[in-house]
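Reviewing the structure listed below.
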Amino acid sequence: MAVGPEPLKARPAGAGRVAAGALALAAVGLLVGGAFAGLAFEALGAWQGALSAFDSYLLRVARFTLWQAALSTLLSVGPALLVARALARHPRFFGRGLILQLFALPLALPAIVAALGVLALYGRAGYFAPLFSALAGERWPGIYGLSGILVAHMFFNLPLAARLFLAALENVPADQWRLSAQLGMGAVSSFRFIEWPVLRNALPGVAGLVFMLCATSFTIVLTLGGGPGATTLEVAIYQALRFDFDPARAIALTLAQVALTGLVVAMLARLGAAMTGDASLPVAPRRALFPGRVERGFNAAVILLSLAFVAGPMAATVAAGLRADLARLAGEGAVIAATATSLVLSALAALLCLLLSLSLVMARRALELRRRAAAPGLLERLSDTGAMMVLIVPPIVIGAGWFILLRHVGDVFAFAPAMVVTVNAVMAMPFAIRAIRPAHDAASARHEKLCLSLGIAGWNRLRLVDWPALRRPAATALAFAMALSLGDLGVIALFGSDRVQTLPFLLLQRMGSYRTADAAGIALFLGVLCLALMFAAGRWGREKP
């Protein structure tokens with residue numbers, strides 16, 4: 001019998017946040033692990049077919065995947081070096097800020113909208129078709145195939161690479177530029193001794209990031225590939241499931257895709273590349289630069305050419321969309337239903353992404369505070385980097401695994417809403433965590449001791465202490481995740497049907513049925529929605545609480 005009060009064991013600080021982070025990790029692991037379980041289950045029953053699928057076709061598709069990614073990287077990164085240097089050598093001129101904002105727009109455009117813009121500009125019936133036909137002396141055949149893929153990848157990745165290189169050059173100390181001016185160093189000497197060492201250090205990471213984006217490009221290759229000769233692994237997985245229904249071949253292609261992306265991500269990690277592609281720029285510093293007349297002319301030509309190349313497809317998309325019967329499309333039942341479905345699914349995906357990201361960020365910080373000076377444990381390391389590991393497994397791979405698994409459960413296409421929401425939410429988590437974590441860690445550093453001394457925890461802490469600091473970063477992450485989900489075609493391309501259609505899926509259908517005017521109008525709708533969300537994310541991210 002007890003003779004006095006027994007001491008109660010105190011609950012560890014942050015136990016609720018750690019539990020929430022563990023549940024978030026379990027959810028991500030279930031999504032990715034379930035996909036591989038579906039592939040493994042199917043492989044056990046059809047292992048002979050899966051092994052036989054490692055044939056010349058797979059090798060050819062893998063070779064083309066690497067080849068187009070390498071060419072796209074070379075054609076994007078090479079000109080980006082010249083563009084970044086030209087912008088860095090002229091830190092003050094009228095319209096510079098507008099150009100940098102324009103260079104950020106391709107990151108916000110859905111890939112299928114950009115592909116339609118490339119076709120409107122360079123396609124068989126595009127604006128440049130008469131000029132190309134006159135130069136070639138015959139009818140312009142269009143830009144489908146490898147050339148279309150390369151142009152579209154350059155449209156997306158040249159501005160991204162230029163902004164990343166420019167960010168590196170903007171961080172060069174002003175004293176170095178002042179010293180170069182005092183020594184009378186010309187353009188060649190400045191490039192050799194100041195600019196090239198900085199660009200050379202940034203080059204492997206930028207090139208690796210662009211290669212990763214091009215190797216896992218699905219929508220661009222699907223819409224502009226133009227046939228079996230221009231097919232990548234991801235498109236081949238989609239074709240094997242939706243058209244041929246050959247699960248054995250899909251398994252072999254998926255394994256090859258995972259091996260490829262895993263290798264690329266491992267190389268990126270060794271190079272220290274930021275796989276989320278953050279291209280935010282500091283304010284251009286005032287530097288003592290005195291470029292000569294020849295250099296000014298060359299730099300102006302480089303900037304104007306890059307500006308025309310990036311603005312061209314966007315302007316063509318707007319022009320083609322305005323020529324469509326927008327009033328009829330706005331009242332069409334299929335478009336209204338697809339718009340509503342897209343907005344609902346993207347909003348749910350963004351909310352789920354925010355919930356999972358907040359759980360991981362808070363759990364990582366709680367575990368960091370709990371261990372004090374000890375080495376990070378497994379759970380803390382997973383909370384820190386677990387969300388980034390989804391970059392190894394592209395959405396089409398996760399979708400393929402669940403497509404194979406769910407066909408043993410019931411109607412695969414009935415699971416479309418759940419698959420679109422969960423996959424898009426998890427794929428946006430690396431970007432959301434990057435937006436939320438700095439604000440949360442800073443707020444925790446300011447208020448952690450006060451919360452412990454006053455016993456503020458759980459919902460009260462989130463509502464009274466954490467949320468005021470997280471409100472704007474969370475809004476930024478929410479808008480960004482919603483924009484990414486709204487324009488995604490990867491999962492819905494597998495699970496979409498007449499019952500569940502999003503705007504990208506409807507746009508793909510209209511393109512496939514050669515209803516180009518309707519496709520252009522839908523692309524304009526989709527592009528405006530995504531750009532509005534990205535502008536909102538950028539505005540909220542810049543404003544201070």
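The figures follow:
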{"item": "Test: residue in the stretch 428-442 that is part of a loop (DSSP other than H, G, I, E, B) and either crowded, with 21+ Cβ neighbours inside 10 Å or at pLDDT 85 or above (or both)", "result": "yes"}
{"item": "Flag if A108 is exposed (fewer than 15 other Cβ atoms within 10 Å of the Cβ), aliphatic (A, V, I, L, M) and more than 18 Å from V206 (Cα to Cα)", "result": "no"}
{"item": "Residue tally, condition out of contact with any Ser or Thr (no Cβ under 6 Å at 6 or more places or on another chain) and at pLDDT below 85, over the stretch 134-166", "result": "7"}
{"item": "Qualifying positions in the stretch 322-348 - crowded, with 20+ Cβ neighbours inside 10 Å and not in a helix (DSSP H, G or I)", "result": "A324"}
{"item": "Sole exception among (1) at positive phi; (2) buried (at least 18 other Cβ atoms within 10 Å of the Cβ); (3) of a type outside the set (D, E, K, R) for C451, by number", "result": "(1)"}
{"item": "Which listed residue, of A266, A259, A250, is of a type outside the set (S, T, Y), within 16 Å of L51 (Cα to Cα) and surrounded by fewer than 21 Cβ atoms within 10 Å (Cβ to Cβ)", "result": "A259"}
{"item": "Checklist (1) over 20 Å from L506 (Cβ atoms); (2) crowded, with 20+ Cβ neighbours inside 10 Å; (3) at pLDDT 85 or above applied to A319, failing item", "result": "(2)"}
{"item": "One residue from T223, T231 being closer than 14 Å to L66 by Cα and in the same structural domain as L109 (by TED's automatic domain parsing)", "result": "T231"}
{"item": "Any hit, the stretch 430-446, residues being in contact with a helix residue (DSSP H, G or I) (Cβ under 6 Å, 6 or more places away or on another chain) and closer than 30 Å to A240 by Cα", "result": "yes"}
{"item": "Elements of type helices (runs of 4 or more DSSP H) contained in the stretch 1-96, each with 3 or more residues being at pLDDT 90 or above", "result": "15-45, 56-89"}
{"item": "Selection status of G126, surrounded by fewer than 23 Cβ atoms within 10 Å (Cβ to Cβ) and not acidic (D, E)", "result": "yes"}
{"item": "Residues of the stretch 484-523 satisfying the condition of being surrounded by fewer than 22 Cβ atoms within 10 Å (Cβ to Cβ), of a type in the set (V, I, T) and not in a helix (DSSP H, G or I)", "result": "V500"}
{"item": "Residue pairs meeting the criteria (Cβ under 8 Å; at least 6 apart or on separate chains; first outside the structural domain of L351 (by TED's automatic domain parsing) and basic (K, R), in the stretch 433-452; second part of a helix (DSSP H, G or I) and buried (at least 19 other Cβ atoms within 10 Å of the Cβ))", "result": "none"}
{"item": "Options L100, L135, L164: the member that is part of a helix (DSSP H, G or I), surrounded by fewer than 21 Cβ atoms within 10 Å (Cβ to Cβ) and in contact (Cβ under 8 Å) with a residue 60 or more places away in the chain", "result": "L100"}
{"item": "Single residue of A80, A70 found to be surrounded by fewer than 18 Cβ atoms within 10 Å (Cβ to Cβ), in contact (Cβ under 8 Å) with a residue 12 or more places away in the chain, out of contact with any strand residue (DSSP E or B) (no Cβ under 8 Å at 6 or more places or on another chain) and more than 30 Å from F525 (Cβ to Cβ)", "result": "A70"}
{"item": "Where a residue in the stretch 50-63 is within 16 Å of I237 (Cβ to Cβ) and its partner, wherever it lies, is at pLDDT 85 or above and part of a loop (DSSP other than H, G, I, E, B), with Cβ under 7 Å and at least six apart", "result": "V61/T231; V61/T232"}
{"item": "Neighbours by Cβ (under 6 Å, 6+ apart or cross-chain): first from the stretch 226-247, of a type in the set (G, A, S); second part of a helix (DSSP H, G or I)", "result": "A230/L146; A236/V61; A236/L253; A240/R249; A240/A250"}
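The values are calculated or read from the model by the stated rules, or taken from the named source; none is laboratory data. Nothing here was measured: the structure is a model prediction, and the numbers come from that model. Cβ coordinates were reconstructed from backbone atoms using ideal geometry, including for glycine residues, and neighbour counts include every protein chain displayed.
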